[in-house]
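Participant: Just passing along the structure, written as structure tokens.
The values are calculated or read from the model by the stated rules, or taken from the named source; none is laboratory data. Keep in mind the model is a prediction, meaning the values are calculated, not measured. Don't worry about glycine lacking a Cβ; one is built from the backbone with ideal geometry, like all the others, and counts go over all protein chains shown.
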Amino acid sequence: MKKCKLGEIADFKTGPFGTQFKASEYTSSGYPVINVKNIGIGNIIDNDIDFISEETRARLSEHIIHEGDIVFARKGSVERHAYVRKEHDGWVQGSDCIKARITDDTDPRYISYFLHLDYVKQQLLNKAVGSTMPSMNTDILKDISIALPDKPEDGTTIANFLDKISNKIDNNQRIISTLESLSKTLYDYYFLQFDFPDEKGRPYKSSGGKMEYNAELGREIPAGWKVRPLGSFAQVTQGNSPEGNSLNEVGDGIAFYQGKTDFGFRFPNERIYTTSPYRYAEADDTLLSVRAPVGSVNLATSKCCIGRGLAAIHHGEYPSLTYYMMQSLRPVFEQRGSGGTTFDSITKDDIKDILICVGNDNILNKFESKVRPIDKKIRTLTDENRHLTALRDFLLPLLMNGQVGFKKYSKRHND
């Protein structure tokens, strides 16, 4: 392995400053711009993208990014970066980003993966300036220590191998997002638009199903549907944290979730465990954040302990329905009445008293039978991604320091 500084093998370009580009120049469509919010862990987060016009992009041509570039955040999560892949070629770096372009024959994907190493991310955090909001600049990035493979093709071999794992993770995530959207759409059709299948299999409301005005909700609902408190539909358990000396990170006891900080995309991240659990959530319970930010939801993957920042919403027969119901109620949790004041926290009684509108068991069973298999597939793919991520993170340092390599095999042919 060869040691060098990142500045020896890369050119850097800081994003356009305020005198070059103003926020008022963003448009509703056009050419995408990468800002700090779009910088993930080696990848570009391509939702909530800002756009600029063709004219503005032409003026900022020196800030156009191309495949193989690496984009860093200038503030906030400075240990993160985004590798620019083919589908993002031609986008533009935002004002709060720094672009690095590899100038030697090292595969830029190798450099991106090297930047994933914990000790490299720690370098970035240690060198960042500012205590309240860490900030990055080109001088700091240039000084980051990099270990290069003896031969450039070795770096490409390592990058190709890690790409196979990363691509599988990304593909799984795309499937998960599609399935999640499908389930949410079904919930909207059934319980918000009231187009659940009627006795003849037709969409109820669109086919002229009878609707009745409900004064409590201030809207029309299907005839025969009841409005009732959430507490009469599902069991609500308010979390309570165990003793601090029972907590550990080595897996003793059962998983303990404190609040939204433990939440992942759909399922919580297992980081802390307790040997003295106090309040429980069961597998498939919806976990609701009851402290700011109030209203975020996850699903418990197994029996677990929940802290004061969470409540567990349990319905044994309709766990999928409960999850999407709690997602749909987020605006109710986030706002307090007509004053629009954001909740700092909510109580068990606040949750139990929220009014919900649900149909009869036949409707609920139809929805659950359609969505439950989709949710199980989401869980399977999520578990697979966790295993793949753990495998990649385990192999990464071994590959980068030469402890693990690749043998080349030649196939022998008989004359």
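Participant: With the requirement that a residue be part of a loop (DSSP other than H, G, I, E, B) and either touching a strand residue (DSSP E or B) at 6+ places or on another chain (Cβ under 7 Å) or under 11 Å from Cys304 (Cα atoms) (or both), what does the range 265-274 give you?
Facilitator: Arg266, Phe267, Pro268, Glu270, Ile272
Participant: Return the residue satisfying two criteria in turn: it lies in the range 242-260 and is free of Cβ contacts under 8 Å to residues at least 40 places away in the same chain and outside any loop (DSSP other than H, G, I, E, B), and of such residues it is farthest from Ser181 (Cα to Cα).
Facilitator: Asn245
Participant: Wholly within the range 1-87, which strands (runs of 3 or more DSSP E) include no fewer than the required count, namely at least 1 residues that are surrounded by 14 or more Cβ atoms within 10 Å (Cβ to Cβ), within 22 Å of the chain's Cα centre (by Cα) and among the β-branched types (Val, Ile, Thr)?
Facilitator: By residue number, 31-34, 70-73.
Participant: So which residues in the range 291-319 are outside any strand (DSSP E or B), aliphatic (A, V, I, L, M) and crowded, with 20+ Cβ neighbours inside 10 Å?
Facilitator: Val294, Ala300 - these are the residues of the range 291-319 that are outside any strand (DSSP E or B), aliphatic (A, V, I, L, M) and crowded, with 20+ Cβ neighbours inside 10 Å.
Participant: While we're looking at this one, here's another question. Of all residues in the range 174-226 being among the β-branched types (Val, Ile, Thr), assigned by TED's automatic domain parsing to the domain that holds Lys370 and in contact (Cβ under 8 Å) with a residue 24 or more places away in the chain, which is farthest from Arg379 (Cα to Cα)?
Facilitator: Ile175
Participant: Another question, if that's okay. State yes or no: is Ser95 part of a loop (DSSP other than H, G, I, E, B), touching a strand residue (DSSP E or B) at 6+ places or on another chain (Cβ under 8 Å) and modelled with pLDDT under 95? Don't jump to the end; show me each part of the working.
Facilitator: Details: part of a loop (DSSP other than H, G, I, E, B): yes; touching a strand residue (DSSP E or B) at 6+ places or on another chain (Cβ under 8 Å): no; modelled with pLDDT under 95: yes.
Answer is no for this residue.
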